[in-house]
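Presented below is the structure to which this report refers.
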There are 2 protein chains.
Amino acid sequence: MATGRTHRPATRSRGIPEATVARLPLYLRALTALSERSVPTVSSEELAAAAGVNSAKLRKDFSYLGSYGTRGVGYDVEYLVYQISRELGLTQDWPVVIVGIGNLGAALANYGGFASRGFRVAALIDADPAMAGKPVAGIPVQHTDDLEKIIEDNGVSIGVIATPAGAAQQVCDRLVAAGVTSILNFAPTVLNVPDGVDVRKVDLSIELQILAFHEQRKAGEEAAATEGTGAVPAVRDESGDKGPDGDVPAVMPA
Amino acid sequence: MATGRTHRPATRSRGIPEATVARLPLYLRALTALSERSVPTVSSEELAAAAGVNSAKLRKDFSYLGSYGTRGVGYDVEYLVYQISRELGLTQDWPVVIVGIGNLGAALANYGGFASRGFRVAALIDADPAMAGKPVAGIPVQHTDDLEKIIEDNGVSIGVIATPAGAAQQVCDRLVAAGVTSILNFAPTVLNVPDGVDVRKVDLSIELQILAFHEQRKAGEEAAATEGTGAVPAVRDESGDKGPDGDVPAVMPA
DNA sequence: CCATCTTTGTGCACGCGTTCACAAAGACAT
DNA sequence: ATGTCTTTGTGAACGCGTGCACAAAGATGG
């Protein structure tokens, strides 16, 4: 996964397990699609298939929200959409600021997923004076100097960081000091925040590296299966023997 | 987190737990920074702090790779950088294709994190004929018609999908048919893939919704603590009572 | 009203991941 | 060589998440 929670160990927020919370948006998306097709009810089996999860898991997830299903029938789509939306806090409007309007920041500003579903891009902020005033996705970019004022004026509690890694912690500190308590971090850095502030990170290169690991493993297995006895992998040596790699080859920088 | 694994239940890939694999890139990043500062060794405590994890967890993670530390001293930075790089498969070159060169796709193509660390953008692919030939990040965009040929010619096994949701599954099918076995999906859809293919997803709106959930909870707790007795939350009603919401309010579309 | 059939909601068991706490290992000084 | 001190590596306990499997609930038909 492209993200991981920071801090806040495993506090069952008001009884709903973290793992369940992470799946609710998935269910909501599937339900919204059904709602648009005017489907009145769904069974846990159908909905689970649409969301790509196990049906027992889905039922257990919903059981944390309450008993919203009807046995022998299934779940009322519209009602469930509302309940999940309410649970996730999407019935209210969340103003969001995006800091760092480079390629990625601009892409985020243009991303439709922000506008819908209760999120509103309240402001775009960048440190480059040349960017100031220039409209991106129809919203004029403002300078970092005004960050605190923007946060307070708009009542922003969610911030998105899309700056270079070097600037991320500093931006984060200012956001938090100004009152932001939830941060979505796209910069490849570990952010330090005080208790009570939630950070979620999206890190492209981490995701790629995880894929590469599995890819390498697949290649190794395949080679082992294709060639020879199939018992001992021929490509990769097992861990534990420090033998073949005495000195350190060139490994790429940051 | 912005992602979640699909398929492949919990197979301890060659003995290394999935959770550990997901943290290796984090350690690698911290170690690379130390390496650039020419720091020769680190203790588990220091490195754990830099990576934002528990030191016991870090030591256990490293123990899956082998005994690379020296008691009383710590870990040799350069050596560990190499070992982790090798374990993640970053000592080889991974050609990657990006499909869907919109705002996000272009941002990804320009993202420095791809170029470094063993990943190379082999091709950019888009369905829009008007895009064909136009260079993005110095690489000419190619048309979707040539997808299969591009995959095969470049020996690509990792694909990145940055198309609209509607096109994602179709693109995914073609990538898989052409030989791609690892996919990083930025489109807000659940992808169906055959066994043996890894999918990781990065979903901005899911991340935001999870943040909104916690944000709402924090707001509720705060209101309860600030006002009145402090025992009963005043803002949000507890689950289970279907009372106040008889009919369904307007919930935003997709 | 009763029987049957579908689908939910959940008790239970299992496994992964995390954390504690400590013994073993080695560096370093004397 | 011996003792002390630091830091690793891991055994063990615990908690969360998952999935099975089934009883309870309600719809539906006769």
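Taking a 1.4 Å probe, which of A:THR41, A:THR20 shows the most accessible area, and what order do the others take after it? Don't skip to the end; give the middle numbers.
Details: A:THR41 55, A:THR20 5 Å².
Final ranking, largest accessible area leading: A:THR41, A:THR20.
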Assuming 0.36 nm per residue, please report the length gained on full extension of the stretch B:VAL39 to B:HIS143 beyond their Cα-Cα distance. 32.8 nm
Work through the residues other than A:GLN142 whose Cβ is under 13 Å from its Cβ and net out their charges, Lys, Arg +1 and Asp, Glu -1. -4
With DNA, RNA and ligands ignored, accessible area of A:ASP126 (1.4 Å probe; Å², nearest 10): 20 Å²
Using a/c under 1.5 as the rounded threshold, could you call region A:69-186 rounded, prolate or oblate? The axes a ≥ b ≥ c are square roots of the C-alpha gyration tensor eigenvalues, and prolate needs a/b larger than b/c, oblate otherwise. prolate
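A 26 angstrom limit on the alpha carbon distance is what I want to check against. Which of A:LYS60/B:LYS57; A:LYS60/B:LYS218; A:LYS218/B:LYS149; A:LYS57/A:LYS218 exceed it?
Checking Cα-Cα distances, A:LYS60/B:LYS57; A:LYS57/A:LYS218 exceed 26 Å.
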Quick one: 3J(HN,Hα) in Hz for region B:184-197, Karplus 6.51/-1.76/1.60 with θ = phi - 60°, rounded, Gly and Pro as x. 10, 9, 9, 7, x, 8, 7, 9, 9, 9, x, 4, x, 9
Which value, in Å² rounded to 10, gives the accessible area of B:MET131 with a 1.4 Å probe and all protein chains present? 30 Å²
Interchain or long-range residues, amide H under 5 Å from A:ARG120's placed H: A:TRP94, A:VAL96
In whole Hz, the Karplus estimates of ³J(HN,Hα) for region A:100-114 (6.51, -1.76, 1.60; θ = phi - 60°; x where Gly or Pro) are x, 9, x, 4, 5, x, 5, 4, 5, 4, 7, 5, x, x, 6
Which distances, shortest first and in nm, link A:LYS57 to the matching position in the other copies, using label points set 7 Å out along Cα to C-beta? 2.0
Descending accessible area (1.4 Å probe), largest on the left, turns B:SER63, A:SER85 into B:SER63, A:SER85
Within region A:154-227, list the GluC sites (Glu not before Pro) lying in a DSSP loop whose Cβ has at most 12 other Cβ atoms in a 10 Å radius. A:GLU227
Give me the accessible area of B:CYS172, 1.4 Å probe, in Å² rounded to the nearest 10. 0 Å²
Amide H partners (placed H, <5 Å) of A:VAL141, local residues excluded: A:GLY133, A:LYS134, A:VAL136
Suppose accessible area is computed on protein heavy atoms with a 1.4 Å probe; arrange B:ILE139, A:ILE150 from highest to lowest. B:ILE139, A:ILE150
Rounded, prolate or oblate (a/c below 1.5 giving rounded, otherwise prolate when a/b exceeds b/c) for region A:18-88 by Cα gyration tensor: rounded
Residues with amide H under 5 Å from that of A:LYS201, placed H, sequence gap 5 or more: A:GLY4, A:ASN185, B:ALA2
Is the shape of region A:117-158 best called rounded, prolate or oblate, per the rule: a/c under 1.5 gives rounded, else a/b larger than b/c gives prolate, else oblate, with a ≥ b ≥ c the square roots of the Cα gyration tensor eigenvalues? oblate
What are the ³J(HN,Hα) values, in whole Hz, obtained from phi via the Karplus relation 6.51 cos²θ - 1.76 cosθ + 1.60 with θ = phi - 60°, for each residue of region A:19-35 in sequence order, with x given for Gly and Pro? 4, 5, 4, 5, 8, 4, x, 5, 4, 4, 5, 5, 5, 4, 4, 5, 4
Out of the trypsin sites (Lys or Arg not before Pro) in region A:14-94, which ones are loop residues according to DSSP with at most 13 other C-beta atoms within 10 Å? A:ARG37, A:ARG71
Antiparallel content of DSSP bridges confined to region B:94-202, in %, to 5: 10 percent
Below 12 angstrom from the Cβ of B:PRO40, what's the summed charge of the other residues (Lys, Arg +1; Asp, Glu -1)? -1
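The values are calculated or read from the model by the stated rules, or taken from the named source; none is laboratory data. Note that the structure is predicted; figures quoted are calculated from it, not measured. Glycine gets a Cβ as well: all are built from the backbone with ideal geometry, and neighbour counts include every protein chain shown. When the accessible area is computed, the model is the full protein with side chains, heavy atoms only, and any ligands, DNA or RNA have been set aside. Shrake-Rupley method; radii C 1.70, N 1.55, O 1.52, S 1.80 Å.
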